[in-house]
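> Sharing a structure below in structure tokens format, with a few things to ask.
The values are calculated or read from the model by the stated rules, or taken from the named source; none is laboratory data. The structure displayed is predicted, hence computed values, not measured ones. So basically every Cβ, Gly included, is an ideal-geometry build from the backbone, and we count neighbours across all protein chains shown.
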Amino acid sequence: MYKKTLTVALATGLVLSPMSFSVDAAKPAPNEQSDHAFDNKVIKKINADSMYNNIALLSKQPRAAGTEGEYKAVQYIKSEFESYGYETELQPFTIQEWDGGTSAISFNDEEPSFDVNSFEGSINGRVTGPLVYVGLASASEVGDEVEGKIALIERGSYSFYEKIQNVYDKGAIGVIMFNGEGRSGNSFGYAYEGQDIPAVAITREAGLSLVEQLQNEDVQASVSVTNAGVIDKTSYNVIAKKEPHPKKDNGQIVTVGAHHDSVPNGPGANDDASGVAATLELARIMAKTPTDTELRFVTFGAEEKGLVGSYHYADTLTDEEIDNMVAHFQMDMVGSRDAGELIMFTPDGNKNLVTDLGASAGARISGAVDYGQLGRSDHVPFFLKGIPSALFIHAPLEPWYHSPDDTIDKISKEKLQNVAEIVGAAVYQIARPDTPALENARVAPSPADYDFDDRPL
Ligand code: BES
Ligand code: ZN
């Protein structure tokens, strides 16, 4: 017999002071034996193919908040939760979006062959006047000659605000801006409150041809923007709840989440169909696993528009629910072949119950997971309500982040499997019936040493 000291000192204070007890050296320590047995109840059931297939399905098209693509994803996620036996709720909320309306330009009374888009925030209106080229529209480039004219501006070096303000202050009646060097497309630009002239964007090629034309002749231009403005759209959170075992209800709630919306121009396979697929997979497994803790699996809408769905969800929680919520696990970008190692981010850069559980599960499965400081996802509204929460993500990020190339072929089943195992084991450590007892030394796994890491994103 030998004496082993077991230190169960997690950063959360939820736990024990160091204690010691005797074990038989020939056998594994009781906690080691039980750790893996408990973890295995979850991790042996994880199916990476099923996560991969869900990502393939969800990333067939972009899922920008408020679009048909999002709504299809929402319906799919809801029906998946229901097929596992969950009661689900679709929680709608309003988002505001800029609608560019219709814009047009003409030169010497002829419509050009190229397209035009209004700036976000442009006023509606139609103006006609001489076209004048003012370069980058810095304060020193813009003189009184723009008065009563339409300013042709090159994008770059100064903010949209400054450029428009400089010509507006000198009496310009409209703005046509062409794209900057090395940039393609004609969809860009912001106009601000008080900049009361219509402003539109054109491609670099179109702009350079106008600059050349102006060297040879005067050009009479017109710019019109109609029906542009802010419109309301509806986005959704999808919520699946699992009640604890009625005789073993400890009153606590653990939430696991991801965001189902994508950016408008990308299929968002990793960001964040990967997190949705892992959330669905853990929900599938936990549906049949008794717990003493209420579990909520939530996919959020409109994360890419500023965490709108998760703020809405957090704002609809009652004080009692907030008191009972002990942990929120957010999975965002958890499957990229081309990203770095797993890390857990908290908005304040401090450890908490979620990072302790994640690091400890990681140590048992594939190595302790480090933590760092970052907001930028749906763990933030939970954190602001005082709920221990962390974002599970791989860093450095893959080059495909927020691009049309964030596609299924870049997804790694190994990465998905590993994150689902770690988050699944961490959730189960706290939700399984024989723990409220992170305090219960007989079954509580050992804490892990894990470090702060400020690696680049
Ligand atoms: N998946 C990202 C979060 C992220 C990005 C974490 C980069 C770490 C590094 C998320 O979907 C996202 O893009 N969030 C927005 C923030 C939000 C408030 C609009 C972002 O970071 O621009
Ligand atoms: Zn994301």
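> Regarding region 230-246, can at least one residue be identified that is charged (D, E, K, R), over 22 Å from the mean Cα position of the chain (by Cα) and at pLDDT below 95?
Looking for residues that are charged (D, E, K, R), over 22 Å from the mean Cα position of the chain (by Cα) and at pLDDT below 95, one finds none in region 230-246, hence no.
> Follow-up question, since we're still on this one. Listed residues 150, 197, 105, 164; which is closer than 28 Å to residue 231 by Cβ, in contact with a helix residue (DSSP H, G or I) (Cβ under 8 Å, 6 or more places away or on another chain) and either buried (at least 21 other Cβ atoms within 10 Å of the Cβ) or hydroxyl-bearing (Ser, Thr, Tyr) (or both)?
It is 197.
> List, please: which pairs have Cβ atoms under 6 Å, are six or more places apart or on different chains, and start with a residue in region 392-408 that is among the polar types (S, T, N, Q) and end with one that is within 12 Å of ligand 2 (Cβ to nearest atom)?
Note: pairs meeting the criteria are 403/266; 407/269.
> Related question: If you check 258, 269, which single one turns out to be modelled with pLDDT of 95 or more and away from ligand 1 (no atom under 11 Å from the Cβ)?
269
> Looking at region 244-362, what helices (runs of 4 or more DSSP H) fall wholly within it and have at least 1 residues that are touching a residue at least 40 places away in the same chain (Cβ under 8 Å) and within 16 Å of ligand 2 (Cβ to nearest atom)?
It comes to 274-286, 308-315.
> Okay, next question. What's the total number of residues in region 363-392 that are within 13 Å of ligand 2 (Cβ to nearest atom) and either out of contact with any Lys or Arg (no Cβ under 9 Å at 6 or more places or on another chain) or of a type in the set (Lys, Arg) (or both)?
The qualifying residues number 8.
> Follow-up. In region 345-376, what residues are within 12 Å of ligand 1 (Cβ to nearest atom) and under 22 Å from residue 40 (Cα atoms)?
None; the set is empty.
> Of a type in the set (A, V, I, L, M, F, W, C) and surrounded by fewer than 20 Cβ atoms within 10 Å (Cβ to Cβ): which single residue out of 231, 239, 253, 285 fits that description?
231
Residue-wise test of (1) in contact with a strand residue (DSSP E or B) (Cβ under 8 Å, 6 or more places away or on another chain); (2) closer than 30 Å to residue 201 by Cβ.
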position: 220; (1), (2): yes, yes
position: 236; (1), (2): yes, no
position: 250; (1), (2): no, no
position: 284; (1), (2): no, no
position: 292; (1), (2): no, no
position: 312; (1), (2): yes, no
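> Restricting to region 48-73, name every residue that is buried (at least 19 other Cβ atoms within 10 Å of the Cβ) and within 17 Å of residue 263 (Cβ to Cβ).
55, 58, 59, 62, 63, 64, 65, 66, 69, 70, 73
To keep it simple, each residue is scored yes or no on (1) within 17 Å of residue 339 (Cα to Cα); (2) modelled with pLDDT under 95; (3) in a loop (DSSP other than H, G, I, E, B); (4) out of contact with any helix residue (DSSP H, G or I) (no Cβ under 7 Å at 6 or more places or on another chain).
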| site | (1), (2), (3), (4) |
| --- | --- |
| 381 | no, no, no, no |
| 387 | no, no, yes, no |
| 392 | yes, no, no, no |
| 406 | yes, no, yes, no |
| 409 | yes, no, no, yes |
| 419 | yes, no, no, no |
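> Looking at region 75-101, I want the residues that are farther than 17 Å from residue 278 by Cα and have a partner that is among the aromatic types (Phe, Trp, Tyr) with Cβ atoms under 7 Å, at least 6 apart or on another chain. Which pairs are those?
Sorted first by the residue in region 75-101, then by its partner, the pairs are 88/81; 90/236; 91/236; 91/313; 92/236.
> Just checking, does region 290-297 include any residue being within 16 Å of ligand 1 (Cβ to nearest atom), under 20 Å from residue 389 (Cα atoms) and of a type in the set (A, V, I, L, M, F, W, C)?
The answer is no, given that none of the residues of region 290-297 is within 16 Å of ligand 1 (Cβ to nearest atom), under 20 Å from residue 389 (Cα atoms) and of a type in the set (A, V, I, L, M, F, W, C).
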